[in-house]
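Encoded as structure tokens, the structure appears first; notes follow it.
The values are calculated or read from the model by the stated rules, or taken from the named source; none is laboratory data. Owing to the predicted nature of the structure, the values given are computational and were not obtained by experimental measurement. Note: ideal-geometry Cβ built from the backbone for every residue, glycine included; neighbour counts use all protein chains shown. Protein only, heavy atoms only, side chains kept; ligands, DNA and RNA dropped before computing areas. Shrake-Rupley method; radii C 1.70, N 1.55, O 1.52, S 1.80 Å.
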Amino acid sequence: MKIPYWGLALQIIFVLSITIFNSFRVIIMEHYSVYPVALFELFIGVISILCGMYGIIKKIKPFLSLFIIIFGLLICFFFTFVYLLPEAGTPHRSLGFILNKISIGLASGLVKNQTVKQISLEILFQVIFIGNNIINSSLRCSL
């Protein structure tokens with residue numbers, strides 16, 4: 001069996017595991033945790049990407065290999081958005097802690113050097129800008 005077909009077989013196993021055999025996934029998640037299921041799905045995604053890349057390099061069914069690479073990337077994005085992002089927590093809590101420490105250091109006069117003050121202010125404004133974008137994007141996602 002050619003290598004790209006192995007990638008396709010893994011992707012069919014992935015699709016079957018999240019559709020028809022979802023009850024087995026739920027049993028494993030309840031009995032152990034979410035990590036065995038998540039790592040298995042990530043393994044399927046990465047191995048299928050590698051099988052597709054091998055097919056592209058060896059010029060074995062290039063359209064099938066391209067499809068396998070794209071679907072493997074989608075499986076990896078599925079892993080990221082379903083398993084990793086909910087574990088990440090809310091980003092603006094740590095952002096507030098960083099902003100508070102920088103502003104206390106600037107306001108209390110702990111920073112004496114003018115260049116360091118300028119760099120600290122630039123970092124503060126960059127963190128505010130990035131944090132504002134993160135909060136706005138998380139609000140858009142929750143609506």
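Got a sec? What order do 5, 32, 54 fall in by accessible area at 1.4 Å, biggest, i.e. largest, first?
The ranking, largest first, comes out as 32, 54, 5.
Just how much of residue 61 is accessible, in Å², when a 1.4 Å probe is used and the result is rounded to the nearest 10?
Approximately 100 Å² of residue 61 is accessible to the 1.4 Å probe.
Take residue 38, project a point 7 Å from its Cα along the Cβ direction, then tell me which residues of region 48-82 have their backbone nitrogen under 15 Å from it.
Residues 76-82 fall inside that zone.
Please state, to two decimals, what the Cα-based radius of gyration of region 1-71 comes to when divided by 2.2 N^0.38 Å (N = residues).
Computed over Cα atoms of region 1-71, the ratio equals 1.23.
If I ignore ligands, DNA and RNA and count only protein heavy atoms, how much of residue 40 is accessible to a 1.4 Å probe, in Å² to the nearest 10?
Approximately 100 Å² for this residue.
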